[in-house]
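Read the structure below first, then the notes.
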Amino acid sequence: MTEDAVNGGRRGTGRRTSQTASGTGPGLTVYAQLAGIVLFWGANWPLMKLALVDIGPLTFCAVRLFGTALSVAAMAPVLRFPLLPQRGERLMLAVVGLLQVAGMMGLSNLGLQFVSPGRASVLAYTMQMWALPLGLLLLGERITGRRAAAAGLTFAGVVVFFNPALVDWSDANALIGNGLLIGCALSWALGATLYRRRVWRTPFWTQTFWQIAASALVMVPLALSTESGHPVHWSGSLLAVVAYNCLIATGLCYWWWGKALSVMPASQAGQIVCLVPITALLLSAVFYHEPLSAGVLASVAMIAGGIVLSARAR
């Protein structure tokens, strides 16, 4: 699960606008929580790679979504939010969730089988680049010079990332894995674009729960039908990663994310969490010995620069 999977939930709650207008600004605690989000989300990419040793990619996704739905539902009495969205919004929120939660998670897990976690995270975060043409085609959004420059910079980074010095084009598994991660970014971008087509009345946490629950309802039977012959080894490390994903990477981090959006613009908070793929890449270099060649660093710098520029262009 990623921050933009619930980023859209800020609309329609009225919470961020009212507090920002009253002069309440982000304090040191909020920035510390955003730093925690960057660390926890960045660390999750190497952890997911570790989990896939013991469990199938779609089964892991199903377990994660089911556990996360339970953890978010358990927060409902504390945070006082309903589990059902407003009438007329349930179907579309479910479709958005299937694209930017189930689609993003499922394709990223499948790609992680063949691609190192640092590279996988960087490719997933190219969703900003794909969101630009989708916004033009589906929403008629105007492409400003800054947004075009951001997409161009990101695209240039992706081209460098796929040069033969960094990707073995004779390795079918490598090509499949990278293609799945591009598909992950496209699914995420399409879900985010469809979300922006309307203003939502459903509260932030209800949207979050509904998208996760809808994704779990689809992913569980899909995993059972496609990976029934894949044995699951319930090791201590797998249980730890599942607990981390459900409680820390989702429950805690989404709570912090919601608090940040209540006191600062989403574009400002988004610029900070753009550090997630950089964190994942560095941790992957430490724990998986993922090489940080000049070509990798140059491509990542361009992709990260495009992501930040895109966030500032909103």
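Given only helices, namely DSSP H runs of n ≥ 4 each adding -39500 (n - 2.57), what is the per-residue ellipticity at 222 nm of the chain, to the nearest 500 deg cm²/dmol?
-22000 deg cm²/dmol
Given a 1.4 angstrom probe, I'd like the percentage of the accessible area of the chain that is carbon and sulfur, rounded to a whole number.
Looking at the chain in its full context, I get 69 percent from C and S.
Can you pull the Kirkwood radius for segment 46-171, inverse mean 1/r over Cα pairs, to one decimal in Å?
17.6
Beta carbons within 10 angstrom, averaged per residue: use that to sort the peptides 277-289, 167-179, highest first.
Per-residue Cβ counts within 10 Å, averaged per peptide and sorted highest first, yield 277-289, 167-179.
Once fully extended, how much extra length lies between Leu39 and Arg80, figured as 0.36 nm per residue of separation less the alpha-carbon to alpha-carbon distance? Provide the component values of the computation, followed by the final result.
On the way: separation 41, 0.36 × 41 = 14.76 nm, distance 2.81 nm.
Full extension from Leu39 to Arg80 adds 12.0 nm.
Order 134-142, 34-42 from most to least packed using the mean count of other Cβ atoms within 10 Å.
The packing order, highest mean first, is 34-42, 134-142.
Could you provide, to the nearest whole Å², the per residue accessible area of the chain with probe 1.4 Å?
Accessible area per residue, the chain: 41 Å².
Return the distance in nm (one decimal) between the two label points of a simple spin-label model at Ala294 and Thr29, each offset 7 Å from Cα along Cα→Cβ.
Computed distance between label sites Ala294 and Thr29 equals 4.8 nm.
Select from Val160, Val72, Val101 the residue whose mean-square fluctuation is largest in a Gaussian network model of the chain (Cα-Cα springs shorter than 10 Å).
The residue that fluctuates most here is Val160.
At 0.36 nm per residue, and after removing the present C-alpha to C-alpha distance, how many nm does the segment from Ala240 to Leu282 gain when stretched out fully? Show your work: numbers first, answer last.
Values: separation 42, 0.36 × 42 = 15.12 nm, distance 2.16 nm.
So the chain would gain 13.0 nm between Ala240 and Leu282.
Between Glu141 and residues 5 or more places away or on another chain, which pairs have amide H atoms under 5 Å apart, with H built 1.01 Å from N, and which residues are they?
For Glu141, the qualifying residues are Leu136.
Starting from the Cα-Cα distance between His233 and Val159, subtract it from 0.36 nm times their residue separation and give me the gain in nm to one decimal.
My answer for the length gained is 22.8 nm.
Can you give the FRET efficiency for Ile176 and Arg142, using 1/(1 + (r/R0)^6), R0 = 41 Å, r = Cβ-Cβ distance, to the nearest 0.05?
Efficiency computed from Cβ-Cβ geometry: 0.70.
What are the DSSP H helices in the chain that stretch 20 Å or more along their long axis, judged by alpha-carbon atoms, and whose average Kyte-Doolittle hydropathy comes to at least 1.0?
Numbers: long enough: 28-51 (34 Å, 1.11); 57-79 (32 Å, 1.59); 145-161 (24 Å, 1.18); 172-195 (34 Å, 1.29); 204-226 (33 Å, 1.08); 294-312 (27 Å, 1.73).
Both cut-offs are met by 28-51, 57-79, 145-161, 172-195, 204-226, 294-312.
The values are calculated or read from the model by the stated rules, or taken from the named source; none is laboratory data. Since this is a predicted model, take the numbers as computed values, not measurements. Cβ sites come from the backbone with ideal geometry, for glycine too, and all protein chains shown count toward neighbours. Protein only, heavy atoms only, side chains kept; ligands, DNA and RNA dropped before computing areas. Shrake-Rupley method; radii C 1.70, N 1.55, O 1.52, S 1.80 Å.
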